[in-house]
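Okay, so here's the structure we're looking at.
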Amino acid sequence: MTEQAAAIKVRGLHRRFQLGDQTVHALNNINLDIAQGEYISVMGPSGSGKSTLLNALGLLDIPDEGEYWLAGQNTVPMSEEERAGYRRDHIGFVFQSYHLVPRLSARENMELPMVLAGIPPAERRKRLAPIISRLGLDERADHKPEQLSGGQRQRVAIGRAIIMQAPLLLADEPTGNLDTHSGADVVDLLEELNAQGMTLIVVTHDMALGQRARRRIRMVDGAIVSDDRSVVNVDATSENNIDKTTDIQPDTIPSQEPRS
């Protein structure tokens, strides 16, 4: 992945919604520069615009004003077809509610982006094998989502997000539906992927999770009110002491939520 591959530049981004006779300014003059490989958390109270920002960065929503540059392209003027292609090639998503296809197995859910991209079956199998193994899903790969625990479903969602080798990973409350142990496993995996060079942006209400990021953005009423890059003692913010010695080799990382 080149340094430019997931570099983000946001200038003067605005997003408004009309609720009856009231205009809600969900994003208010957002300006950001995000380098490849950064680990960022976005925090703030409900209704602050966190998920609206994530939707804009994920090309799931179109801003009313401003510019959003991703991998050297201003994405705002793109057609929906162009945006879909850009999402596929540049962005992976992990949501709180997993968004798995119920009738597909874990393996088939992870494989789905490659099927849609027209990747041949032999190449799909080659990419899938190490990902399934790393996620600890070898014995559950042929199970449907309803047969999996919450932690296993989220691991499937992460596998689907990285199978296309997207350099940018967006996670909206990734541990919100998980117990403490499963949540810690998911955080381990996300941070390991970031250590391998993926840009990781996490939206969360969980202060301990948010404090783990090396850069912490806080939003209130659609605006960024703080952007903190100070060093935080990770052990002081979580009982889970991350061990980043396990390596995922780069060549094995293939790759509208409501406003909150």
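Readers should treat all values here as calculations from the given coordinates under stated rules, not as data from a laboratory. Here the structure is a predicted model, which is why all the values come from computation and not from measurement. Glycine gets a Cβ as well: all are built from the backbone with ideal geometry, and neighbour counts include every protein chain shown.
Computed quantities for the displayed model
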item: For the chain, with +1 on Lys and Arg beta carbons and -1 on Asp and Glu, the positive-most of 54, 104, 74 along the dipole; result: 104
item: Share antiparallel - DSSP beta bridges, the chain, percent rounded to 5; result: 55
item: R0 of 25 Å, Cβ-Cβ distance residue 24-residue 230: FRET efficiency to nearest 0.05; result: 0.20
item: Stretchable slack from residue 14 to residue 62, in nm (0.36 nm times residue separation minus alpha-carbon distance); result: 16.3 nm
item: ³J(HN,Hα) computed for each position of segment 44-50 - Karplus, 6.51 cos²θ - 1.76 cosθ + 1.60, integer Hz, glycine/proline x; result: x, x, 4, x, 7, x, 4
item: Answer label, with percent of Cα pairs over 35 Å apart calculated from the coordinates and candidates (i) 16; (ii) 24; (iii) 12; result: (iii)
item: Helix-only CD estimate at 222 nm, as mean residue ellipticity for the chain, using -39500 (n - 2.57) per DSSP H run (n ≥ 4); result: -9500 deg cm²/dmol
item: Under-5 Å amide H pairs with residue 166, H placed in peptide plane, nonlocal only; result: 255
